[in-house]
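Working notes, structure below.
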Amino acid sequence: MLVNMKEMLAHARANKYAVGLFNTMDTDMLEGVINAAEKLRSPVIIGTAEVLLPYGELKLLAPSIIAAAKRATVPVVVHFDHGTTFERTLEALQLGFSSVMFDASTKPYEQNVAETREIVKIAHAMGATVEGEIGHVGVANNPDDVTGDNYTTVEEAAQFLADTGVDALAVAVGTAHGAYKSKPKLSYDRTREIRESVDVPLVLHGGSGLSDDEFRGLIENGISKVNIFTDLCIAAMTAKPAGEAADLNFTDYMSLRKMKVDAIQAAAEKKMSLFGCAGKADI
């Protein structure tokens, strides 16, 4: 069933578990994630991000994702992640996405607030929810992101929420997008402090590559939504070597596709169990 994030994440926040957002750029990923959610009876958030559109066009993907969400027997949010332009974010809403994340976090604060607030007004009028970001979650192992204190402050989070009215808040607490080559410096204390100071669910970006204990620590201290993409890609890529080892015929595209879908499903199931959302679809 197609839903927005409001009630889904409110329950996660109150009960200290997290729901995964699994970004998908093709129907292999979509099928694998939906299968995982159905099998584990887990609520799930599925979508795509603006940065991925060159590899999977929005107008092509949207009908498939939305149809799969409506057909599912578990709650599914269809979410547009990291919308960096007003035009693309509005397009996602017009195509039927039930939630959007508008990311103007690299812009001056006043501009971030003004643009995010306008998206909130439009999305709420359409019955959709909005995630915003304050404090910038950078790219893993980028030298520009490893100097100084880049964590979101409690004051920034509370002010941004008051200024914009977003339904969920992405915060910077030490993670980064992409694959880590060195251990991230996470702040559980900052996560907990922000959680105690605002009344909306907190979102973790840059989740792929964290250890199980790191995920548990962040969720225990206030994260209610975790974004995953890189781990799905890695799972799909490992399907091919596994098949070669079994001497499968890779001229048969369908055999390769099934292995990819199965690998993606297994990766998604692992994350759902870890985040604590397995079995929560029927609550």
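The values are calculated or read from the model by the stated rules, or taken from the named source; none is laboratory data. This is a predicted model, so every value here is computed, not measured. Glycine also receives a Cβ, built like all others from the backbone with ideal geometry; neighbour counts cover every protein chain displayed. To get the accessible areas, we keep the full protein, side chains included, count just its heavy atoms, and leave off ligands, DNA and RNA. Shrake-Rupley method; radii C 1.70, N 1.55, O 1.52, S 1.80 Å.
Brief remarks on what is shown
- Distance-filtered residues of segment 58-72 - backbone nitrogen under 17 Å, label point 7 angstrom along Met1 Cα→Cβ: 67-72
- The H on the amide N of His82, modeled in the peptide plane, is under 5 Å from the matching H of Met101, each at least 5 residues off or on a different chain.
- Carbon plus sulfur fraction of accessible area for segment 1-95, probe 1.4 Å, in percent: 59
- Karplus-derived 3J(HN,Hα), 6.51/-1.76/1.60, for each residue of segment 17-22, Hz, glycine and proline x: 10, 10, 10, x, 9, 10
- Under 30 Å of direct C-alpha separation, and excluding same-chain neighbours fewer than eight residues apart, Lys70 reaches these lysines: Lys6, Lys16, Lys39, Lys59, Lys121, Lys225, Lys258, Lys260, Lys270, Lys271, Lys280.
- Packing-based ranking, highest mean first, of 93-99, 60-66 given that Cβ atoms within 10 Å are counted: 93-99, 60-66
- C-alpha center-to-center spacing [segment 1-53, segment 197-215] in angstrom: 15
- Segment 62-135: C-alpha gyration tensor shape, a/c 1.5 cut-off, then a/b vs b/c: prolate
- Long-range HN-HN contacts of Ala170 with modeled amide H, under 5 Å: Gly132, Glu133, Ile134, Val203
- Inverse mean reciprocal Cα-Cα distance (Kirkwood Rh) of the chain, Å: 18.8
- The chain - percent relative contact order, Cα under 8 Å, separation 6 or more: 24
- Segment Gln159-Asp213, extension gain: residue separation times 0.36 nm, minus the distance between their alpha carbons: 16.4 nm
- Difference of contour (0.36 nm per residue) and Cα-Cα distance, Thr84 to Ile122: 12.1 nm
- Residues in segment 1-146 average 40 Å² of solvent-accessible surface per residue, probe 1.4 Å, ligands and nucleic acids excluded.
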